[in-house]
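Data first, discussion second: the structure below is written as structure tokens.
The values are calculated or read from the model by the stated rules, or taken from the named source; none is laboratory data. In this text the structure is predicted, and so the values were computed from the model without any measurement. FYI the Cβ positions are ideal-geometry reconstructions off the backbone, even for glycines, and counts take in every protein chain you see. The protein model used for the area step is the full one, side chains on, heavy atoms only, and it has no ligands, DNA or RNA in it. Shrake-Rupley method; radii C 1.70, N 1.55, O 1.52, S 1.80 Å.
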Amino acid sequence: RCSRGYITQKGYEKKRAKLLARYIPLIQGVDPSLQAENRVPGSSQATAAVSKQQKSRSTNSRDERFRSDVHTEAVQAALAKYKERKMPMPSKRRSVLVHSSVETYTPPDTSSASEDEGSLRRQGRITSTPFQSHSNVEPWLNRVIQGSSTSSSASSTSSHPGGKPAAASNTLPCLSSISTDNHFAPPDVTTGLVEHLHHERPQVASVRGVPRGYHSSILETADGVPVNSRVSSKIQQLLNTLKRPKRPPLKEFFVDDFEELLEVQQPDPNQPKPEGNQMNVLKGEPLGVVTNWPPSLLSALQRWGTTQPKAPCLTALDTTGKAIYTLTYGKLWSRSLKLAYTLLNKLTTKSEPLLKPGDRVALVFPNSDPVMFMVAFYGCLLAELIPVPIEVPLTRKDAGSQQIGFLLGSCGVTLALTTDACQKGLPKAQTGEVVTFKGWPRLIWFVIDGKHLAKPTKDWHPQVRDASAEIAYIEYKTSKEGSTVGITISHASMLAHCHALTQACGYSEAETLTNVLDFKRDAGLWHGVLTSVMNRMHVISIPYALMKVNPLSWIQKVCSYKARVAVVKSRDMHWSLLAQRDQRDVSLSSLRMLIVADGANPWSISSCDAFLNVFQSRGLRPEVICPCASSSEALTVAIRRPPELGGPPPGKAVLSMNCLSFGVIRVDTEEKLSVLTVQDVGQIMPGANVCVVKVDGTPYLCKADEVGEICVNSGATGMAYFGLLGITKNVFEAIPVTAAGVPVSDQPFTRTGLLGFVGPDYLVFVVGKLDGLMTVSGRRHNADDVVATALAVEPMKFVYRGRIAVFSVTVLHDDRIVLVAEQRPDASEEDSFQWMSRVLQAIDSIHQVGVYCLALVPANTLPKAPLGGIHISETKQRFLEGALHPCNVLMCPHTCVTNLPKPRQKQPDVGPASMIVGNLVAGKRIAQASGRDVTQLEDNDQARKLWCSAEAKHGAFQFLYLADVLQWRAQTTPDHPLFLLLNSKGTVASTASCIQLHKRAERVAVALIEKGRLNVGDHVALVYPPGVDLIATFYGCLYAGCIPITVRPPHPQNLATTLPTVKMIVEVSKSACILTTQAIMKLLKSKEAATAVDIKTWPTILDTDDMPKKKLASIFRPTSPDMLAYLDFSVSTTGILAGVKMSHAATSALCRSIKLQCELYPSRQIAICLDPYCGLGFALWCLCSVYSGHQSILVPPLELESNVSLWLSAVSQYKVRVTFCSYSVMEMCTKGLGTQTDNLRMKGVNLSCVRTCMVVAEERPRITLTQSFSKLFKDLGLSARAVSTTFGCRVNVAICLQGTAGPDPTTVYVDMRALRHDRVRLVERGSPHSLPLMESGKILPGVKVIIAHTETKGPLGDSHLGEIWVSSPHNATGYYTVYGEEALHADHFTARLSFGDTQTVWARTGYLGFLRRTELTDASGERHDALYVVGSLDETLELRGMRYHPIDIETSVIRAHKSIAECAVFTWTNLLVVVVELEGSEQEALDLVALVTNVVLEEHYLIVGVVVIVDPGVIPINSRGEKQRMHLRDGFLADQLDPIYVAYNM
């Protein structure tokens, strides 16, 4: 039993065969079932298929393009071939779902099929889902039941196939009940038709940075992943999908200016090739001679206006369909005269006439006012002015409006004509004048309603000249790229075109014509304004607004006015089909021609067939339908003639889509899926010559079975693009040549922009437009065909009014197809995603081409063209600018991008010995460099004399222990101030002189020994905020013989993440005691702390706030300088916690090197804005002042959060010459003070005192940041040479530091692509792919650096990339602990070269870099060697056999869109994951997906696997301002980021 309104499959087939019998083959040898498009069954059964809600529905979801039924079947069959592929569905945060409210979505009931299908009940819909046979339905439903994640997926079954609809419907209730169990899950569970993937568990890798037996919550998120993580199962799914074989591999490569080889498509040897003979030029019938043919269009107007003044010319209708006004020929003539007179004589500026003949004038008239437009148009012609008709601008930001403005500007338009009503509706400025639209010239708006026009004087007569080659009017056209050009049409062309149309259409005097098209341009203008006047015809103009309200209006008008001709588009026929049942009594028997203006579109054939099918019973004769083809440049190219005008019978071709993509015409009999059915557009115009030429390059004639661009030579084409000589020559003056290169004619041809061929009976067939052409890896696809395929995938459920735009964008040297559709407001997430994946499959199957990006936007948000269509170029522009604001995006770069370079194959490495020999032969020196020799420097040092007394006291004073230096300073210069700590107000919070520091250290030592009961060598954790306490307790530990470890205190507002790190350092360092303040002590033992860590396992905690004033019995003296002085703990960016051991010898060597490099002595002041917990920051804060005696002004970076200018104000106030900061401090200053430099200057901030400002870093110098900092504060006197960077790492905290002497840091530019291959290739600034690298300061005294090969460990030559190795007295002596990776680090401190100098012991820094000898000279007079740091080896990503530095990819991504605030990348199972912070509205989130994917492809030849969009501040950053990418990765995999959107690229 079938539910009401369904037609059984069998009945349908039978009915269809019967209806098609009449249209059996017109082209021989074609399978009849393919031949004809299906007609809509006109029977009562089919009528019943449309339910009673017809009226209410017909308005809300019109598909603007009627779909071919064969196409729909092809699409469904194609989809049925595919097993549903598992595709991970993007994750979306709830708040982003507002576009398509999932919350309010209720599972559909059984009746929803007829309701939500919308009014487009095409025949094809009857068998529309891919599951046509009953057998398919059941398993599919079962799959849904197993895998459905929210009830919404059930709705995809609501439009049942013709099978057993009732049975299918009955399963729906159980479906929804089964799936509701999952409702608590967030909405981003995996896609609807996928079984849940709990069984796909990624393997858990080794844990990094976690001590054994440590708290399990950290174990979860290490390198592996919590086993049930949703994110990872999606990634697993993505990987499975990507394992599907790609298209056949491509063979050849071309070199893209470098060794990176981009694949280039090689022609497939089996591809179809044209085999026909070369075509000849097709000659149209000659233009007939008419005895009283007027010499110009104006003389025709004059003739009718004076001899037949009462004859009706134009009837205008209102939106109810009532005739509001009929313009007679007499009125048209007299009003045009008045306007011409007024324009030439009454408009003046500064007593000069405003206009002179030949000037251009804009015509701005709404679509509802053809009468005024016609008067304005002919008035301009009579005044010898050139009308430029344009659309009415509605807002300042209309789609394409700026381009129109550009056209008006280039045409020199200063005056716009309009109507009173229209002028009132234009946006106004405060002054009441019409605003100047964006990009428009300043216009004078002149209203042409009667009261503003002057009556001509008796002696004034216009000159009605014969048609000449002068410009008559300019028609605008928007090109594929979105630029607007003006096409000039001469008086002679205008007349010739009217003549040709009159002959081709058999127009006769006083005929009635109904025009539905826009009368301002194209066929609407040619038939309804020009040719009609030529023949004194009566035009009934149907406004677009009326068509929207009543789609049948044009048919009713044809009927009531007994019109002989109607000019329409497929859309108008299609709309009337939807509404035709409301009108029983219309008759179309008066029509002799129904001109289909867009007959060349792929979907017009089905509209024509369906329309005929329904209206044949109302008097429409089949031969009346006349498709035509036209182009803005060549005007009408071809039109089908009715038999009485001598037209041959209509033709139809069923062509293979695959062959078409190679430009070859093959009638297709085998492959029933991918065919294009096209109708002829009739014969060429009278008096024209036509040929078909190759699309690209020289216009060679095509072969008979080859698709090419149609070219026309006739007196009735456009003349030129106004003001654009170059492209005019190319288009309007093409000279087609034969294969031998002989021109076919001495006359130039005009390229039409239409792609097609000439078929049997000399009928012209059009298969596409140049504007919609997309050439993807050598094959041509037509945007309209792709739209047709997408629309055939159940369009009414998802796509709002069939609004789909298809265009291509160029990414990585090839066109990539982008499809954008408007989503219906009620479409659910799951449904949309499923529709998207099916569209991809359909296009892949039918066109054999991948879609690069598919985006859904909310209903009504795509830019509209004037008559409601989609403005394609503006849509493309928005897509590329990231302003489309989609609500769903699916990118498929993995399937589409087949021209990536080959992955790099690692060559067997050249041995280290050959490498050295090679360098010697090439005359290259081995890359090594060293700082100044410390021993020479010490001899003549001032300080030497100071130490003499100390040496006398201690005997042979071999090494300076810092504890000894502090005691000595406390004796000799007790009141000399060493430290000043500033608070956020810039006032001094505390100070410490030599004696104060010494006494506090003593007290701490006493407390450690007496209260803490500690022994010599015990480890003590110092948990203090930045301040003098930290320094005092450090020396207290040294005095007591304990080993200090400085630890950043936990953040009270963020204990959950900061406290575990403190606990970890305390445990890993085996601290026996914690020294801290009372406040922090309370915090460590608080209830809140207990939720984050086990507070029972803290060691002894002592607070040092009020300690007894006791004297220390004896200060501990180490027995050997190699004894441990302190431990330096730090978490690397890769998430590894590593502590290094610093001996007393290394500590004093470090201080000595810095003292020499920065020329520090007691009378100096330096300002430090750094964290004091590890690395060079700790050394500068705690060690150097004591060693060198200079005064340190301490600025805790945390204080800058409440007072950004604190550090710079302090530098200025204390006239500091040397200052240190971190990148995060520099960034805060640049961002926070960017607009306040004037304020600071007013407050007296002056930075001219600064000789050197050093950024303490363990990474590649951030040039852009340092440069913008320098530029910004140049106004405050900061010298451009002052800013430089330092470089240190775990094995040696200070390798380079600019210091006060020596040459300025140099910058070089290297090729980023060579860098990926571990090579350095120096290039010029500004060359493509260039990357600036700045030297990281000068190598410190006593430090030696060499560059070694990462694998062979042999020495490398100058300017070669390798690992930086360092040897120096202040190297750390080893790791205290590295958790999880002990074995890897065994050789970090004791490496030896495999060749050459194999004796020296080096420490491996783990950083890639190179040395380069410069032309500059050092202080020693030697040539200066510059060290360039490229990046940490641990951080690099190995992808496609190449080495990428995350920062390079991130820099590209940040540039991609203004709303990207920060970005971090990492890899997961060989997929590149890009996390971007969105600084803007969540609407913009999905815009970023395509832009990020594009930029990484273009600049790095990498395909992004996952794009994660998060809120600002989600990417974790450590105290040095470095991104913690591994933490981020762990957070992502554990699903802890709360992303706004996660896109999985297919």
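In this structure, the pairs whose alpha-carbon distance is over 18 Å, taken from Lys548/Lys864; Lys92/Lys234; Lys520/Lys569; Lys346/Lys458; Lys1063/Lys1523, are Lys1063/Lys1523.
In what order, largest first, do Glu1498, Glu1415, Glu509, Glu1484 sit by accessible area if the probe radius is 1.4 Å?
Numbers: Glu1498 70, Glu1415 150, Glu509 95, Glu1484 30 Å².
Final ranking, largest accessible area leading: Glu1415, Glu509, Glu1498, Glu1484.
Specify whether the C-alpha gyration tensor of the stretch 774-873 places it in the rounded, prolate or oblate class, a ≥ b ≥ c being the square roots of the eigenvalues: rounded for a/c under 1.5, otherwise prolate if a/b is larger than b/c and oblate if not. Cα axes put the stretch 774-873 in the oblate bin. By the Kirkwood approach, averaging reciprocal distances over each pair of separate Cα atoms, the stretch 593-702 gets a hydrodynamic radius of 15.6 Å. In terms of the mean number of neighbouring beta-carbon atoms within 10 Å, the peptides 1038-1048, 1504-1514 order highest first as 1038-1048, 1504-1514.
Net charge near Pro1332: determine it from the other residues with C-beta under 13 Å of the C-beta of Pro1332, scoring Lys and Arg +1 and Asp and Glu -1. Once all neighbours under 13 Å are counted, the net charge is -1.
Could you sort out which of Lys1109/Lys1155; Lys480/Lys729; Lys283/Lys729; Lys310/Lys424 sit more than 26 Å apart by Cα distance in this structure? Write down the numbers at each step before the final one.
Values: Lys1109/Lys1155 33 Å; Lys480/Lys729 19 Å; Lys283/Lys729 23 Å; Lys310/Lys424 32 Å.
As for pairs spanning more than 26 Å Cα to Cα, those are Lys1109/Lys1155; Lys310/Lys424.
Here the peptides 802-809, 339-346 are ranked by packing, the mean other Cβ count within 10 Å, and the order with the highest first is 802-809, 339-346.
When the Cα gyration tensor is reduced to axis lengths a ≥ b ≥ c, the ratio a/c is 1.5 or higher for the stretch 1090-1160, and with a/b not above b/c it is classed as oblate. Taking N as the residue count of the stretch 1425-1487, its C-alpha radius of gyration divided by 2.2 N^0.38 Å amounts to 1.34.
Contact order, relative form, for the stretch 542-659: 21 percent (alpha carbon pairs under 8 Å, 6 or more residues apart, mean separation divided by residue count).
Classify the stretch 1328-1477 as rounded, prolate or oblate from the Cα gyration tensor: take a ≥ b ≥ c as the square roots of its eigenvalues, call it rounded if a/c is under 1.5, otherwise prolate when a/b beats b/c and oblate if not. Each step should come with its number before you reach the end.
Numbers: a/c = 2.10, a/b = 1.36, b/c = 1.54.
Taking the square roots of the gyration eigenvalues as a ≥ b ≥ c, the stretch 1328-1477 is oblate.
Highest mean packing comes first when the peptides 1050-1062, 359-371 are listed by Cβ atoms within 10 Å, giving 359-371, 1050-1062.
Counting residues in the stretch 1061-1198 as N, plug N into 2.2 N^0.38 Å and put the Cα Rg over that result. Spell out each step's value before the answer.
Working: Rg = 17.7 Å, N = 138, 2.2 N^0.38 = 14.3 Å.
This ratio for the stretch 1061-1198 stands at 1.23.
The separation of the stretch 413-490 from the stretch 1092-1110, counted between C-alpha centres, amounts to 85 Å.
How large is the convex hull of the C-alpha atoms of the stretch 372-441 per residue, in Å³?
Working: hull volume 6.5 nm³, N = 70.
Considering the Cα atoms of the stretch 372-441, their hull volume per residue is 92 Å³.
With 10 Å bins beginning at zero, the pair-distance distribution over Cα atoms of the stretch 1400-1546 amounts to 10, 36, 29, 13, 9, 3, 0 %. Charge tally for Leu495 (other residues, Cβ to Cβ under 15 Å; Lys, Arg +1; Asp, Glu -1): 0.
Under the combined filter of DSSP loop state and at most 13 neighbouring Cβ atoms within 10 Å, the stretch 1389-1495 retains these trypsin sites (Lys or Arg not before Pro): Lys1458. Accessible surface comparison of Lys477, Lys356, Lys1338, probe 1.4 Å, protein chains only, largest first: the order is Lys356, Lys477, Lys1338. Of the three principal axes defined by the Cα atoms of the stretch 1274-1346, the extents in descending order read 39, 34, 19 Å.
Once the convex hull of the C-alpha atoms of the stretch 639-784 is built, how many Å³ does it hold per residue, rounded to a whole number?
Values: hull volume 20.0 nm³, N = 146.
Roughly 137 Å³ of hull volume per residue.
What does the charge count near Phe1269 come to, summing +1 for each Lys or Arg and -1 for each Asp or Glu among other residues with Cβ under 10 Å from its Cβ? Local charge sum for Phe1269: +2.
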